Structures are given as structure tokens and as C-alpha cells.
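Data block below; observations after.
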Amino acid sequence: MPIRILPEHIASQIAAGEVIERPASVVKELVENALDAGADTITIEVLGAGKRLVAVTDNGTGIPREELGLAVSRHATSKLTRAEDLFRIATLGFRGEALASIGSVSRLTVESRTADAEAGAKLRVDGGGLGSVGAIGMPPGTRIMVQDLFYNVPARLKFLKTDTTERRNIEALATRYALAYPHVRWKLVIDGKPSLQTSGSGDPREVLASLYGVAVAKQMLAVEFREEGYHIHGFISPISLTRANRREITVFVNGRWVKDTAVTAAIIRAYHTLLMVGRFPIVVLFLELPAEVVDVNVHPAKAEVRFREGDLVFSRVQRAVKRALLAYSPMPEIEPRGWWGTARPAEEKEIDPAWRMTAEIQPVDEPETVPSQPRIHIHTGEEETGGLPLLRLVGQVAATYLVAEGPDGLYLIDQHAAHERVLFESLMAQQGEDQVASQALLTPVNVSLPPEKARTLAESLPVLAGLGFEVESFGPNTFTVRAIPALLTGGDPEAALNALVEDFEEDETPLASAKEAMITARICKRMAVKGGQSLSGEEQSALLRGLERCQSPRTCPHGRPTMIHLSADLLERQFGRRGAR
Ligand code: ADP
Ligand code: MG
């Protein structure tokens with residue numbers, strides 16, 4: 001085939017593909033334009049997961065009537081005049097291609113009015129074809145409607161994920177921009193229902209609560225770091241609050257949400273050795289750097305940036321996070337040492353005296369308990385023991401471990417892991433026999449979740465019902481818990497629901513049975529007694545009896561050991577009794 005120049009409409013669809021990948025990309029571009037226009041009220045409406053409609057309304061500067069046609073043309077921007085400007089960009093947009101791209105793959109309507117105009121002006125673009133400009137009554141600002149996205153590129157429609165995932169992407173995007181711009185009043189309405197609404201008070205913690213829930217927002221530690229024109233600020237989770245993946249690490253660079261593996265790595269490194277392997281913090285970090293050290297023109301959707309002084313950025317990020325962590329964290333645990341003879345030389349950890357002074361114990365993430373109720377419940381009945389010998393309880397040490405004696409030596413039992421196992425097997429057994437005992441709460445508890453999580457929870461309500469929870473949805477993103485499994489009486493219903501919705505993979509659809517087990521395991525982990533809680537004598541023996549009845553008493557549902565066995569033989573050898581005399 002000879003070389004030909006592509007017809008304009010094909011060329012623009014190709015170009016559009018780089019910028020507009022999915023409905024959330026449309027939301028991103030429109031929101032960025034509204035922010036660039038200085039808006040302090042931004043409303044996003046979505047229908048049909050953004051495929052039917054994305055509309056963004058703002059109260060920014062507006063577009064003059066005579067510039068409407070230009071606004072939707074490729075390479076037309078009001079934000080850049082000279083090539084040098086590219087290297088000190090202060091606006092989110094600069095390429096002048098978003099509206100043109102969107103217009104070539106949808107039916108686009110732009111309505112806008114500047115403050116000094118008598119009326120608004122309206123322009124329609126249909127698959128790249130421009131209509132004529134008409135007049136419209138409207139307040140100053142801009143309203144952009146994108147209908148039937150990809151209607152003329154059916155191949156792209158096929159690449160979209162499920163509606164749930166596309167909606168979740170939009171919600172994730174809107175909530176993160178709301179965090180980065182707390183002075184803006186944000187509203188996200190999905191299928192007519194408000195999904196996110198902020199007051200524009202400027203308080204990021206308020207937005208944090210709508211993103212992660214009030215309980216998490218309260219625990220988040222503030223980062224505030226300034227050095228030579230760098231300002232690094234935001235929020236990080238204490239070491240007691242973690243996630244199973246790094247997806248909850250959000251980084252903004254000069255007001256732009258970017259994916260930067262190196263910055264993410266620097267953040268994780270700041271937590272080094274403080275988190276268990278495979279656990280990651282929740283972080284929302286804003287990097288404000290001099291414009292000339294950041295190249296924002298390296299990615300089609302502007303989702304990545306390049307730093308001129310990469311190493312400096314990473315070391316400052318690491319220090320900023322570490323400093324915030326150390327300022328609030330409890331004293332580190334001294335390394336565990338084998339105390340029965342194989343002791344390694346004591347290695348003292350270096351502790352910064354300033355840190356020692358300011359160390360503050362974080363509230364332990366433990367379920368609220370009603371004091372009169374025992375925290376450990378086991379179901380009675382004739383069951384086989386799962387390979388554990390009968391144990392005699394000796395007592396509790398360090399409010400964390402049970403000590404027990406068996407016919408063949410000593411057992412040290414991790415009370416949290418053991419309780420997790422007992423709860424898990426009991427709940428699964430009841431569920432299998434379809435006789436889950438439920439306990440009504442004296443006062444129903446309302447739980448609010450961020451929109452992404454609320455959706456996940458709504459989808460899991462049948463599984464929860466099967467487990468003995470009585471949960472109903474109550475207004476947008478709010479649920480009422482009326483009853484919980486009898487086994488979990490005294491536990492915190494809110495913690496249980498949160499456990500369920502954390503870290504769900506996108507489109508994660510395990511087999512129904514596996515899903516139940518996973519959800520049950522998560523809830524049990526949250527509801528089990530924690531290390532550091534002292535247990536009454538009855539509670540200790542109930543836990544021990546429960547463990548004896550388990551099918552797999554030696555590991556928790558997540559596979560960690562529940563106990564260490566020191567055999568009589570090992571003790572004899574360690575004390576030099578064997579073979580001596
Ligand atoms: P860019 O943002 O890179 O300039 P866009 O295609 O997104 O390119 O927008 C083109 C131009 O249209 C912008 O430069 C701006 O002048 C104008 N514009 C777009 N959206 C808005 C808005 N919401 N309010 C005011 N002006 C806008
Ligand atoms: Mg733009």
C-alpha cells in the first residue's frame with residue numbers, strides 16, 4: 001500500500017485514543033479544565049457508568065462566545081504560548097487536545113458564559129463535526145456534556161471494564177481530586193444519586209473521611225515537610241493501619257494525580273521494617289515542587305511526570321514520611337530473641353531521644369467491647385479435636401500469649417491468631433449447617449463508607465446475611481447494622497464491615513464458596529481479641545478449649561502459626577539435662 005495521509009477524522013480518533021481511554025479519563029480532563037478555570041464549585045454527573053453521559057459544571061471564568069469553536073479544536077489552548085512555557089507549567093492542561101479528543105469520539109456539548117457576557121453560548125460537536133454557536137441562559141461558568149462516549153468507535157467500547165469498575169474508577173478519581181482541592185465544593189452524582197459531596201471548607205481531613213471513612217481518617221498522621229522550595233504534605237497511615245496492596249498510595253505532584261513507582265517506593269521504604277511483609281500503608285501525599293524541576297509533558301494522559309532531580313525528590317519524600325511516622329509512632333518492638341537458650345546477643349535499637357520524648361501510643365485498633373460480655377465465645381457440642389492434645393492452661397504472658405502444658409511439653413499460643421482460627425471455624429461450621437446464630441444489637445449502628453467501598457459492601461450483603469449479619473443500606477454510602485453473628489457479640493460491627501471491604505481487587509469474583517471463606521476470614525481477623533488485651537481466666541480457657549476443637553488448630557485462617565511448641569525433649573536439651581550425669 002502506498003503511504004497516504006490519514007483523513008482528519010481517523011487521525012483525530014487515533015489521537016483521542018491516547019488521551020481518552022475510558023469514562024474516567026473524560027472526567028479527569030473536564031475536571032482539570034474546571035480547576036484551571038479557577039472554579040470553586042464543581043459538579044460531576046454520570047449516567048450509565050459514564051458511557052451515556054458525563055457532565056461537568058463549574059463556576060469558573062467561562063469561555064468567551066467567539067472562542068468556543070477554538071476551545072474544541074485540536075492544539076487550541078489558552079494556557080501556553082511559547083515552547084519555553086512547557087517547562088514552567090502552572091496549569092493542569094496545556095496541550096489543547098482534551099476537548100478536541102472528546103469531541104471526536106462522542107457527542108459533546110459545551111455551554112459557557114463569562115462573567116461579563118449577557119448570556120451564555122452553546123456549541124455542539126458530534127463525532128468531531130462542529131455545529132453552530134447558539135445562545136443559552138445560564139449563570140457564569142461552564143457546563144460540558146459528553147454523551148454516548150465511543151458511539152462511533154465500537155472497538156473501544158469493547159475494551160471498557162464492567163460498569164461497576166468504570167464507576168469505581170470515576171469515584172476514585174473524583175474523591176482524589178476532592179482531596180487535593182479541598183477548597184473546592186465537589187459533588188459527584190451517579191445515576192441520580194449523590195456519591196460524593198464536600199463542603200469546600202478547605203479541610204482535607206473532612207475529605208479524607210469521605211474517601212476512607214471516619215475511623216481511618218481520624219488515625220491518619222499528617223505530613224508537613226519543607227526544604228529548599230519543596231513542600232511535601234499530606235497524610236499517611238500509622239503502622240497499625242495497613243492494606244494488602246499499594247493501590248491506596250496516592251501521589252499528587254503539583255496538583256496532578258500521577259502514578260510514580262519511584263515515589264511510591266520511597267514512601268514504602270520509609271516504613272521499612274515497620275510493616276509486615278506484604279502489607280502497605282495508606283498514603284495521600286502532595287508534592288509541591290518548583291515547576292522547573294518537573295517535566296509534565298511525558299505521558300499522553302499526563303498521568304506520569306519526570307523529575308529533573310529524581311534522587312533528591314525520593315530522599316525528601318522518604319524523609320518527610322519517616323519524620324511524620326516517627327513523630328507519632330509508639331516505641332518499636334525490640335527484635336524477638338529466642339529466650340530459651342538460643343539467644344542472640346542483644347542488639348539495642350538506636351532510638352532518637354527526641355522521638356523517645358514525643359512518642360505517643362497510638363490507639364490500638366481493637367474492637368470496642370462491652371465489659372460485661374466475654375470476648376470469646378465458642379459453640380458447644382460434641383466435636384472431634386483436630387490433632388491437638390488436651391492442654392492444661394498455665395496462664396497469659398505479656399497480655400498476648402497463652403501458656404499451656406500438654407503431655408509432650410509447653411505450648412505458647414498467640415491469642416489473636418488462635419481466636420481468629422476458632423471464630424473462623426465456628427462461623428464456617430454454622431454457615432455450612434445453615435444455622436447461624438445472630439444477635440440483635442441493642443442500638444443499630446450506622447456505618448458510612450467511601451463510595452467505592454460502599455458499592456463493594458452492597459454487593460456482599462447476601463454473603464453477610466448468610467454469616468448472621470443483618471445489614472441494610474440506609475442512604476447513600478451508609479449502612480445500618482441491626483444484628484451481628486452471635487459468636488461476635490461484643491465486637492465492633494463497624495470494624496467488621498470495614499474488614500470486609502478493604503483491599504478488594506477490581507473485578508475480583510472468586511467462586512461463591514471461596515468468597516464466603518475469604519470474607520469470613522477477614523471478619524474474624526478484625527473481631528478476634530488482639531495482642532495486648534488481657535483476658536480473664538475463663539476467657540483464656542474458653543479460647544484454649546475452642547482451639548482444641550478446631551480442625552486446623554495450628555494456623556490462623558491466613559496461614560500464620562497460632563502456637564509454638566517447646567517439646568519436653570527440647571527443654572531437656574536446652575537445660576543440659578539430657579545426657580548430663
Ligand atoms: P487545555 O486544557 O490543554 O488547554 P482543552 O482541550 O482541555 O485543552 O481545553 C481547551 C481550552 O478551552 C482551554 O485552554 C480553555 O481555554 C478552554 N476551556 C476548556 N474547559 C474550560 C472550562 N471549564 N472553563 C473555562 N475554559 C475552558
Ligand atoms: Mg484541558
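Work through the residues other than R226 whose Cβ is under 15 Å from its Cβ and net out their charges, Lys, Arg +1 and Asp, Glu -1.
Neighbour charge sum, excluding R226 itself: -1.
Measure nothing but the geometry: give the 0 to 90° angle between the long axis through the Cα atoms of 537-548 and the longest principal axis through the Cα atoms of the chain, rounded to 10°.
Helix 537-548 and the main axis of the chain meet at about 80 degrees.
Would you mind checking the tilt of helix 23-36 against the longest principal axis of the Cα atoms of the chain, expressed as 0 to 90 degrees and rounded to 10?
With rounding to tens, the tilt is 70 degrees.
Limiting things to C-alpha atoms, what are the Rg and the maximum Cα-Cα separation (Dmax) for the chain, in angstroms?
Rg and Dmax of the chain, Cα atoms, are 28.8, 107 Å.
Once you have the Cα-Cα distance between D116 and R279, take 0.36 nm times their residue separation minus that, and quote the gain in nm to one decimal.
This chain segment gains 53.3 nm when fully extended.
Loop-only check: which trypsin sites (Lys or Arg not before Pro) in the stretch 155-240 are DSSP coil with at most 14 other Cβ within 10 angstrom?
K161
Let me have the relative contact order for the stretch 264-318, percent, based on Cα pairs under 8 Å that are six or more residues apart.
Relative contact order for the stretch 264-318 comes out at 37 percent.
Run the numbers on the stretch 392-510 and let me know its relative contact order in percent, using alpha-carbon pairs under 8 Å that are six or more apart.
Normalised by residue count, the contact order of the stretch 392-510 is 20 percent.
Taking the alpha carbon gyration tensor of the stretch 120-236, what are the square roots of 5 times its eigenvalues, largest first, to the nearest whole Å?
Ellipsoid half-lengths, sorted descending, are 35, 20, 16 Å.
Skip the ligands, DNA and RNA, and give the accessible area per residue of the chain with a 1.4 Å probe, whole Å².
Per residue, the chain has an accessible area of 48 Å².
Provide Rg over Rh for the stretch 1-59; use the alpha carbon set for both Rg and the Kirkwood Rh (inverse mean inverse pair distance).
Answer for the stretch 1-59: 1.16.
When the Kirkwood hydrodynamic radius is evaluated over all pairs of different C-alpha atoms of the stretch 518-576, what value in angstrom, to one decimal, is obtained?
Answer for the stretch 518-576: a Kirkwood hydrodynamic radius of 13.8 Å.
Against the longest alpha carbon principal axis of the chain, how many degrees, from 0 to 90 and to the nearest 10, is the axis of helix 163-180 turned?
80
What trypsin sites (Lys or Arg not before Pro) does the stretch 1-94 have in DSSP loop regions with at most 13 other beta carbons within 10 Å?
Answer by residue number: R4, R82.
When the C-alpha atoms of the stretch 55-152 are aligned to their principal axes, what extent does each axis show, in angstrom, from largest down?
38, 37, 20
Taking every pair of Cα atoms in the stretch 43-103, average 1/r, invert it to obtain the Kirkwood radius, and report Rg/Rh to two decimals.
Looking at the stretch 43-103, the ratio lands at 1.03.
To the nearest 20 debye, what charge dipole does the chain have about its Cα centre, counting +1 at the Cβ of each Lys and Arg and -1 at the Cβ of each Asp and Glu?
780
Which pairs in the list K122/K187; K218/K302; K28/K453; K122/K302; K193/K218; K187/K322 are over 30 Å apart, alpha-carbon to alpha-carbon?
K218/K302; K187/K322
Find how many whole Å separate the alpha carbon centroid of the stretch 227-259 from the alpha carbon centroid of the stretch 473-494.
So the separation of the two Cα centres works out to 31 Å.
Mean residue ellipticity at 222 nm from the helices of the chain, using -39,500 (n - 2.57) per DSSP H segment of n ≥ 4 over the full residue count, to the nearest 500 deg cm²/dmol?
When only DSSP H runs of four or more count, the value is -10000 deg cm²/dmol.
What percent do you get for the relative contact order of the stretch 196-322 when only Cα pairs under 8 Å and 6+ apart count?
26
In debye, nearest 20: dipole of the stretch 157-256 around its Cα centre with unit charges on the Cβ of K, R (+) and D, E (-)?
The calculated dipole for the stretch 157-256 is roughly 360 debye.
Take every Cα-Cα pair in the stretch 412-463 and report what % of them are more than 15 Å apart.
That fraction is 69 percent.
In bins 5 Å wide, starting from 0, what share of all Cα pairs of the stretch 229-315 does each bin hold, as a percent?
The percentages, shortest bin first, are 3, 14, 26, 24, 16, 11, 6, 1.
When 1/r is averaged over all different Cα pairs and the result inverted, which Kirkwood radius in Å belongs to the stretch 441-494?
When all Cα pairs of the stretch 441-494 are included, the Kirkwood radius is 11.2 Å.
Would you please classify the overall shape of the stretch 231-279 from the alpha carbon gyration tensor, given that a ≥ b ≥ c denote the square roots of the eigenvalues, rounded means a/c under 1.5, and beyond that prolate means a/b larger than b/c while oblate covers the rest?
Verdict is prolate for the stretch 231-279.
The values are calculated or read from the model by the stated rules, or taken from the named source; none is laboratory data. Predicted model, so just to flag it, every value in this text is computed and none were measured. Here Cβ is always computed from backbone atoms with ideal geometry, including for glycine, and neighbour counts include all displayed protein chains. What goes into the accessible areas is simple: the full protein's heavy atoms, side chains included, and nothing from ligands, DNA or RNA. Shrake-Rupley method; radii C 1.70, N 1.55, O 1.52, S 1.80 Å.
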